[in-house]
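Working notes for the structure below.
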Amino acid sequence: GAVVSQHPSRVICKSGTSVKIECRSLDFQATTMFWYRQFPKQSLMLMATSNEGSKATYEQGVEKDKFLINHASLTLSTLTVTSAHPEDSSFYICSATGTGKLWGGNEQFFGPGTRLTVL
Amino acid sequence: AQTVTQSQPEMSVQEAETVTLSCTYDTSENNYYLFWYKQPPSRQMILVIRQEAYKQQNATENRFSVNFQKAAKSFSLKISDSQLGDTAMYFCAFQADSGTYKYIFGTGTRLKVLA
């Protein structure tokens with residue numbers, strides 16, 4: 001149980017276009033979802049935290065107008081990279097945590113990630 | 001603010017040997033959770049082991065065990081009988097038992113198991 005999917009797994013787009021990445025919890029209700037960005041050989045950098053039905057909370061230094069996050073339901077959150085540029089190329093990972101302390105702490109379950117390349 | 005430090009950027013170990021990865025953290029929280037995650041080349045984050053701070057007993061999962069020293073704020077991971085499939089990045093993570101439940105990750109340790 002506790003499976004999180006991401007779509008697409010990789011995407012290539014032209015500079016100036018927008019790209020949407022979906023994150024779904026497949027077998028549990030995700031009250032909170034997290035979006036991370038990971039550069040090669042580096043750790044995960046938290047971009048934002050989203051709760052179902054409310055606005056996302058962005059970490060310091062993350063442009064909320066550039067990275068739009070929508071957590072419309074208890075199983076789906078989306079990250080839209082608007083007007084993408086080559087410097088937005090990266091590996092984006094989502095995670096989700098469910099209702100209640102089912103797993104001893106609000107353990108996060110991670111999606112497989114999305115590799116974004118902006119040409 | 002909480003911080004997590006992994007002081008070993010890279011480590012290697014011979015197959016079937018034992019290796020210990022270090023992690024220290026700083027927090028003023030009393031209740032929290034600690035995790036070790038493995039990230040193989042596929043980049044899928046896989047939970048290795050977790051520890052609740054209120055439990056004195058060290059967590060164990062098959063070949064993986066931790067040495068949790070709460071007073072010293074240390075949380076090391078021991079991998080016994082290392083296997084080639086253990087080759088991966090390992091991240092230590094801290095989660096306070098309050099607020100947003102977000103993780104604070106360390107910088108990671110790249111482990112290579114040698115045949």
key: Options A:29, A:60; residue that is within 14 Å of chain B (Cβ to nearest Cβ) and surrounded by fewer than 19 Cβ atoms within 10 Å (Cβ to Cβ)   = A:60
task = State whether one or more residues within the stretch B:9-25 are over 26 Å from residue A:94 (Cβ atoms) and out of contact with any strand residue (DSSP E or B) (no Cβ under 7 Å at 6 or more places or on another chain).
result = yes
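Could you pull out every one of the strands (runs of 3 or more DSSP E) wholly within the stretch B:38-115 that has 2 or more residues that are touching a residue at least 12 places away in the same chain (Cβ under 8 Å), more than 9 Å from every other protein chain (Cβ to nearest Cβ) and not charged (D, E, K, R)?
Result: B:46-52, B:64-69, B:74-79, B:88-96, B:109-114.
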ask   = residue A:4: closer than 17 Å to residue A:114 by Cβ, within 12 Å of chain B (Cβ to nearest Cβ) and either surrounded by 15 or more Cβ atoms within 10 Å (Cβ to Cβ) or within 12 Å of the chain's Cα centre (by Cα) (or both), yes or no?
value = yes
ask   = So is residue A:19 in contact (Cβ under 8 Å) with a residue 60 or more places away in the chain, surrounded by 17 or more Cβ atoms within 10 Å (Cβ to Cβ) and over 22 Å from residue B:45 (Cα atoms) or not?
value = yes
Positions within the stretch B:98-115 being farther than 12 Å from residue B:12 by Cα and open to solvent by less than 40 Å² (accessible area, probe 1.4 Å), in sequence order = B:103, B:105, B:106, B:108
query = Scanning the stretch A:10-50 for residues that are touching a Lys or Arg at 6+ places or on another chain (Cβ under 7 Å) and of a type outside the set (Val, Ile, Thr), which turns out farthest from residue B:4 (Cα to Cα)?
reply = A:10
ask   = If you go through the stretch B:7-27, how many residues are exposed (fewer than 12 other Cβ atoms within 10 Å of the Cβ) and of a type outside the set (Ser, Thr, Tyr)?
value = 4
ask   = Scanning for something surrounded by 13 or more Cβ atoms within 10 Å (Cβ to Cβ) and touching a helix residue (DSSP H, G or I) at 6+ places or on another chain (Cβ under 7 Å), does the stretch A:37-53 turn up at least one residue?
value = no
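The values are calculated or read from the model by the stated rules, or taken from the named source; none is laboratory data. Fair warning: this is a prediction, and the values are worked out from it, not measured in the lab. Note that we place each Cβ from the backbone using ideal geometry, even for glycine, and neighbour counts take in every protein chain shown. Keep in mind that these areas ignore ligands, DNA and RNA; they rest on the heavy atoms of the full protein, side chains included. Shrake-Rupley method; radii C 1.70, N 1.55, O 1.52, S 1.80 Å.
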